[in-house]
Amino acid sequence: MNKLKLAYITGASKGIGRSTAIAFANAGWDLILLSRDLVIMEKLRDELSGMNSKINLVKCDLSNAHEIENSVKESIKKYGCPSVLINNAGCAFNGNLVEMSLKKWQEIIQINLTSVFQICSLIVPSMRKNGGLIINVSSHASYKPFTQWGAYCVSKSALAMFTKCLREEERSNSIRACTITLGSVNTPLWDSESIKSDFDRNSMLSSSNVSNTILYMAEQPESQIIEDLTLMPVGGTF
Ligand SMILES: NC(=O)c1ccc[n+]([C@@H]2O[C@H](COP(=O)([O-])OP(=O)(O)OC[C@H]3O[C@@H](n4cnc5c(N)ncnc54)[C@H](OP(=O)(O)O)[C@@H]3O)[C@@H](O)[C@H]2O)c1
């Protein structure tokens, strides 16, 4: 039985990742947090300093395959192998598929899909010793096509299938892999320059409700798994 409460959360500086770090720290988990922005994560660590949670930070740009290899390897050596890995970091971009540059396509696929493959490849071999849980943050864009969101839809769809295959491959090693599939969530993602939208932010899911759901998935007994949990807002566009 793996009693270690150490969660590795990517994309922890903002939005869902930040809320998830707060929810897990509140629940007494130790954390390894990864993003490109060490300053924001240091502020978050200060905010959480009153909690009984040890917080370790990793600065890494997931668009850089070489950086992932070094940073993640180093972080496991320094802070230990997590019992829960939450692959949350992601990016979005609006644009027609065939008009998108190869560079942009590769960047989206690298951050939303290939980085998850790389991180799992680096962590799963150590995780096999005590078992563990991998939660990949997906989107309803993984099964529903949206115009102007093609690359994002493809990346999340592939991530969902990656998770299913990983689950079957690692089941006998007591590693559980699952997805949380989300409708729109009110996060800084919608402020990014690469997205053009005027959706009603107030009718989206809140990142704190999403993070409480991720915590619920993480705290399931080790003998069971929520293979995919789809969380949608009731109102709004989607
Ligand atoms: N918001 C939604 O409506 C929604 C819906 C469905 C699914 N999702 C998924 O939920 C996840 C989190 O999204 P969010 O809405 O919380 O987005 P967000 O507020 O924009 O936060 C994204 C996080 O990912 C990190 N990140 C982005 N690019 C990175 C890179 N190259 N290297 C390292 N870290 C990087 C960011 O950190 P830094 O910028 O500090 O590096 C940030 O912490 C994503 O996978 C997204 O696809 C979101």
- Qualifying residue in the stretch 120-127 (condition: crowded, with 16+ Cβ neighbours inside 10 Å, outside any helix (DSSP H, G or I) and in contact with a Leu (Cβ under 7 Å, 6 or more places away or on another chain)): no
- Item | Single unsatisfied condition, S53 versus (1) away from the ligand (no atom under 13 Å from the Cβ); (2) part of a helix (DSSP H, G or I); (3) buried (at least 20 other Cβ atoms within 10 Å of the Cβ) | (2)
- Task: With the checklist (1) within 12 Å of the ligand (Cβ to nearest atom); (2) modelled with pLDDT of 95 or more; (3) among the polar types (S, T, N, Q); (4) closer than 22 Å to T114 by Cα in hand, flag the one item T187 doesn't pass.
- Result: (4)
- Message: Suppose we keep only residues that are touching a Lys or Arg at 6+ places or on another chain (Cβ under 7 Å) and of a type in the set (A, V, I, L, M) within the stretch 1-39. Which one would you say is farthest from the ligand (Cβ to nearest atom)?
- Response: L38
- Query: Hey, does the stretch 80-103 have a residue that's away from the ligand (no atom under 16 Å from the Cβ), touching a residue at least 24 places away in the same chain (Cβ under 8 Å) and polar (S, T, N, Q)?
  - Reply: yes
- Mind listing whichever residues of the stretch 210-238 are loosely packed, with under 14 Cβ neighbours inside 10 Å and under 27 Å from D30 (Cβ atoms)? Y216, E219, Q220, P221, S223, Q224, E227
- Task: Please identify the pairs in which a residue from the stretch 181-196 that is under 14 Å from Q148 (Cβ atoms) has its Cβ atom under 6 Å from the Cβ atom of a residue that is more than 7 Å from the ligand (Cβ to nearest atom) and at pLDDT below 95, counting only partners at least 6 apart or on another chain.
- Result: S194/F93; I195/N94; K196/N94
- Message: Can you find, within the stretch 65-93, the residue that is farthest from Q118 (Cα to Cα) among those that are assigned to a strand (DSSP E or B) and of a type in the set (A, V, I, L, M, F, W, C)?
- Response: V84
- Message: Every residue in the stretch 24-43 that is more than 13 Å from the chain's Cα centre (by Cα) and either without any contact (Cβ under 8 Å) to a residue 24 or more places away in the chain or crowded, with 22+ Cβ neighbours inside 10 Å (or both), please.
- Response: F24, A25, W29, L31, L38, V39, M41, E42, K43
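The values are calculated or read from the model by the stated rules, or taken from the named source; none is laboratory data. Everything quoted here is computed from the prediction, not taken from an experiment. Positions of Cβ are backbone-derived with ideal geometry, glycine not excepted, and every protein chain shown enters the neighbour counts.
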